[in-house]
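Enquirer: Take a look at this one; I'll ask things after.
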Amino acid sequence: MSDSQKYDAVIIGSGQGGTPLSVELAKAGRRTALVERTHIGGTCINEGCSPTKTMVASGRVAYLARRGNDYGVRTGEISIDLKKVRERKRNVIDRFRASTQGNLEQTKNLDLIFGEARFTGQKTIEVRLNDGERQSLVADNIFINAGTRAARPKLEGLDTVPALDNVSLMELDAVPEHLLILGGGYIGVEFGQLFRRFGSRVTIVQSAAQLLGKEDPDVAEAVTEILRQDGLEILLKARAERVAKIPSGVELEIKREGASMKLAGSHLLVAVGRISNSDSLNLAAAGVETDERGMIKVNDRLETTARGVYALGDINGGPAFTHISYDDYRILRDNMLHQKNATTRGRLVPYTVYIDPQLGRVGLSGAEAQAQKRSIRIAKMPMTSVARAIETDETRGFIKVIVDGDSDQILGAAVLAVEGGEMMSAIEIAMIGKLPYTALREGIFAHPTWMESLNNLFKKMESGN
C-alpha cells in the first residue's frame, strides 16, 4: 500500500450531493479527494432519473402514436425497437457522465480516485483502486455519499431465476412478452406502465392494500385505475410465496385472499425497495452507527455519530430523491464554508412519479395533515374540469391541495395530471413564498394553461362543490 495521502476532505461517492460538494470544497482551497467505485454521477445519472425518464419519453411517443386516431391523425402499425431505445438511453447517460467527469478533472485541488473505499479508522480511508493497488487517505472531514441499491427479498427460489432489477431491466434488447413486477411502489408503477406501452403484458404484484403506499388512498386508487385502463393487471394484497424457472421464463406463486395462484411470465422485475450501500464501508472502524436498515444515522446537520464524518443522500435514510441529495450538499456547503447553521428541519420534499399522467407531490398528504390534528380544508378538482386537459384530450387524474384551515397556507398538494410535476412545482413556489391559497385563487394565469385551473380549484373549495 502507498503512503497515506493527507487531505482536508474526502468524499466517498460521486452522487448528486458528493460531486458538487467536492468541487465547492476544492474551489475554496481545501485539498479534496473524491472516491468513486464505478461511474461518475451516482444513481441519478447512471441508473435512475436520467435513463428511466429518457425511456419513459419513448413510451409516451408510442402511446400517443397509438392514440393518433383520437386526434384525427392516422398512423400506421406501431413497433418498438428496444435496442434503439436503449441506445438513446445510453447516449444520454454518456453525455451527462462525461460532462460531469470533465468538470471534476478540471477542478484544482480535487483528486478524482476510482476505487472502492472502506474505513480503517475514524479519519482514515483505504481505497482498493480499480487497477488492484491500494491507497490510504487521511482527512479531517469525510463525507459519505455512497447511495443505495436494489433490494432482494428473501423469496424462495429467487436465486435460481434470472430476476431483473431497475438496472438490468433497462439493458434488455427485446420487449418482454409478459413482465411480472414484484412491488407496487414508484419504481414498479413507472416501469410497469412503460413496458406496457412498449407492448408487454404486465402484472404488478403488490403485498399491500394499495399501490404507492405513502400516498393518500384516493390518489393510489386513481393511479391504479389509470394503470388498469392502460391494460396492466394489478394484484393487491398478494404475497409472493416462491418463484421458479420454467421453459417460458419464470413462474411466481402468490397467495391472495387465502388462495394460492401461479403466474407465468417471461421476465421478473424485483422492485421491492432499496438497501444501503453502507455494508461495504466498514463503518464500525470509524464509529459511524447505522439503523436497522443499514442507513447511516445523522442529525439535522447531516453529522454522523463520528466527529468529522457526515452522510448525505440516500444513504442517510432521508427522502431518496436526487434533489434532496443536492439540498444535503447545500446544507454542508453553507455550514462548512460559510459558517451558517443550515439544517434539514422543515424543508419541503417535492417529488414526481413519472407515470402518465404524472403524479406531482409536495408537502403533507391529507392523511399526514390529519395525523398532526391540523384543521384543514381540501380543494379537489378532476382534470375533466380543466380546459387545457379537455383540449388536449388528457383528462385523467385530478388536483388535490391541502390548506390550513386557520392560516389559509397551503400545506401540500397532489397533482395527477399530464404536467403534474410542473404544476406541483408552481404550487410549491407559493408554499415557499408563504402565499395563502387565495393568492392563487385570484391570480391571473394565461389562458388556456394548466395553471389556470387553480382559479377554479380554489373557487370550488369556497363554494363547497
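The values are calculated or read from the model by the stated rules, or taken from the named source; none is laboratory data. As the structure is a prediction and not an experimental result, all values here were calculated from the model. Positions of Cβ are backbone-derived with ideal geometry, glycine not excepted, and every protein chain shown enters the neighbour counts.
Enquirer: Determine if region 253-270 includes at least one residue that is surrounded by 15 or more Cβ atoms within 10 Å (Cβ to Cβ), assigned to a strand (DSSP E or B) and without any contact (Cβ under 8 Å) to a residue 60 or more places away in the chain.
Expert: There is at least one residue in region 253-270 that is surrounded by 15 or more Cβ atoms within 10 Å (Cβ to Cβ), assigned to a strand (DSSP E or B) and without any contact (Cβ under 8 Å) to a residue 60 or more places away in the chain.
Enquirer: Conditions first: (1) surrounded by 13 or more Cβ atoms within 10 Å (Cβ to Cβ); (2) assigned to a helix (DSSP H, G or I); (3) hydrophobic (A, V, I, L, M, F, W, C). A117 passes all but one, so which condition is the exception?
Expert: (2)
Enquirer: Also, I was wondering about something else. Might you let me know whether region 332-344 holds any residue that is of a type in the set (D, E, K, R), crowded, with 18+ Cβ neighbours inside 10 Å and in contact with a Ser or Thr (Cβ under 9 Å, 6 or more places away or on another chain)?
Expert: No, the conditions are met nowhere in region 332-344.
Enquirer: Residue by residue through region 167-198, note down the ones that are surrounded by fewer than 17 Cβ atoms within 10 Å (Cβ to Cβ) and either on the phi > 0 side of the Ramachandran plot or out of contact with any Ser or Thr (no Cβ under 8 Å at 6 or more places or on another chain) (or both).
Expert: V167, S168, E171, D173, A174
Enquirer: Among the residues of region 362-403, what is the count of those that are over 14 Å from G420 (Cβ atoms) and either in a loop (DSSP other than H, G, I, E, B) or more than 28 Å from the chain's Cα centre (by Cα) (or both)?
Expert: Matching residues across region 362-403 total 14.
Enquirer: Which residues, taken from region 370-382, are without any contact (Cβ under 8 Å) to a residue 60 or more places away in the chain and either touching a helix residue (DSSP H, G or I) at 6+ places or on another chain (Cβ under 7 Å) or crowded, with 20+ Cβ neighbours inside 10 Å (or both)?
Expert: Correct list: I376 only.
Enquirer: How many residues are assigned to a loop (DSSP other than H, G, I, E, B) and under 22 Å from the mean Cα position of the chain (by Cα) when one looks only at region 287-311?
Expert: 9
Enquirer: Something else about it: Being modelled with pLDDT of 95 or more and closer than 30 Å to V309 by Cα narrows it down to one residue among G188, G287; which is it?
Expert: None of the other options fit; the residue is G287.
Enquirer: I've got another one for you. Pick from region 201-249 the residues that are in contact with a Ser or Thr (Cβ under 8 Å, 6 or more places away or on another chain) and among the small types (G, A, S): which of them is nearest to F398 (Cα to Cα)?
Expert: The residue in question is A238.
Enquirer: Now for a separate question. If you check T52, T32, T43, which single one turns out to be more than 18 Å from I113 (Cβ to Cβ) and in contact with a strand residue (DSSP E or B) (Cβ under 8 Å, 6 or more places away or on another chain)?
Expert: Testing whether each residue is more than 18 Å from I113 (Cβ to Cβ) and in contact with a strand residue (DSSP E or B) (Cβ under 8 Å, 6 or more places away or on another chain) leaves just T43.
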